[in-house]
Every structure is written in C-alpha cells, then in structure tokens.
1. Could you give every pair whose Cβ atoms fall below 7 Å, whose first residue belongs to segment 1-18 and is free of Cβ contacts under 8 Å to residues at least 60 places away in the same chain, and whose second residue is outside any loop (DSSP other than H, G, I, E, B) and of a type in the set (Gly, Ala, Ser), counting only separations of at least 6 or pairs across chains?
2. Filter segment 21-49 down to the residues that are under 29 Å from Val74 (Cα atoms) and either at pLDDT 90 or above or not hydroxyl-bearing (Ser, Thr, Tyr) (or both) and list them by number.
3. Tally time: how many residues in segment 23-76 are β-branched (Val, Ile, Thr) and over 30 Å from Ser5 (Cα atoms)?
4. Take segment 20-76 and flag every residue that is closer than 14 Å to Val10 by Cβ, among the aliphatic types (A, V, I, L, M) and surrounded by 10 or more Cβ atoms within 10 Å (Cβ to Cβ).
5. Step by step: first the residues of segment 1-19, then only those that are open to solvent by less than 90 Å² (accessible area, probe 1.4 Å) and under 30 Å from Gly69 (Cα atoms), then the one that is farthest from the chain's Cα centre (by Cα). Which residue is that?
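The values are calculated or read from the model by the stated rules, or taken from the named source; none is laboratory data. A quick note: this is a predicted structure, and the numbers were derived from the prediction, not measured. Glycine also receives a Cβ, built like all others from the backbone with ideal geometry; neighbour counts cover every protein chain displayed. These area figures cover heavy atoms from the full protein model, side chains too; ligands, DNA and RNA do not enter into them. Shrake-Rupley method; radii C 1.70, N 1.55, O 1.52, S 1.80 Å.
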Amino acid sequence: MTLHSAHWGVFCAEWRDQTLRVAPYPADPDPSPIIGNITTALRHRARVAAPMVRKGWLERGPGADRARGIDTFVRL
C-alpha cells in the first residue's frame, strides 16, 4: 500500500483489480473514521467528477448575479 495524506489524516491506499482499498496509517494513534468513506465517495452520485462552472459566470464573468444559486453548471 502507498501512503497518502488528506486534511483528516494519513492513510494507506492501493488498487486491487477494480477496487480501491484504504486503511488508516498503522502508526496513527488516533485515525479518523472518515478515512473509511474514501472508497464510497469515489463513485458516489453526489461527487463532482469533472470541473464545473456556473453558466452565468462563463457568459457574464465573476461577480454578483441574480442567477447565482439557481443557475445551471457547465462542464469544463
């Protein structure tokens, strides 16, 4: 397994066939239980799988916009 780190701690991860296996770093005295969510978050329907931007931002640029919060998103 290869070591990785995120804001919730250090963990080990590896691909086996098509499955990502994740485990807390063995020397971590208090590993976060959130690490166990990495594998389910990878393909979860709520995951943003590609960079997105509001359509209004593309058309009118940054700043206040009445469509903000209801605007559609465009994949970049």
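1. Listed by first residue and then by second, the contacts come to Met1/Ala13; Met1/Ala23; Thr2/Ala13; His4/Ala13; Phe11/Ala23; Cys12/Ala23.
2. Within segment 21-49, Asn37, Ile38, Ala41, Leu42, Arg43, His44, Arg45, Ala46, Arg47, Val48, Ala49 meet the criteria.
3. At the first step, the residues of segment 23-76 found to be β-branched (Val, Ile, Thr) are 34-35, 38-40, 48, 53, 70, 72, 74.
Keeping just the survivors that are over 30 Å from Ser5 (Cα atoms) gives 70, 72, 74.
Residues that pass the stated criteria total 3.
4. Val22, Ala23, Ile34, Ile35, Ile38
5. This residue is Trp8.
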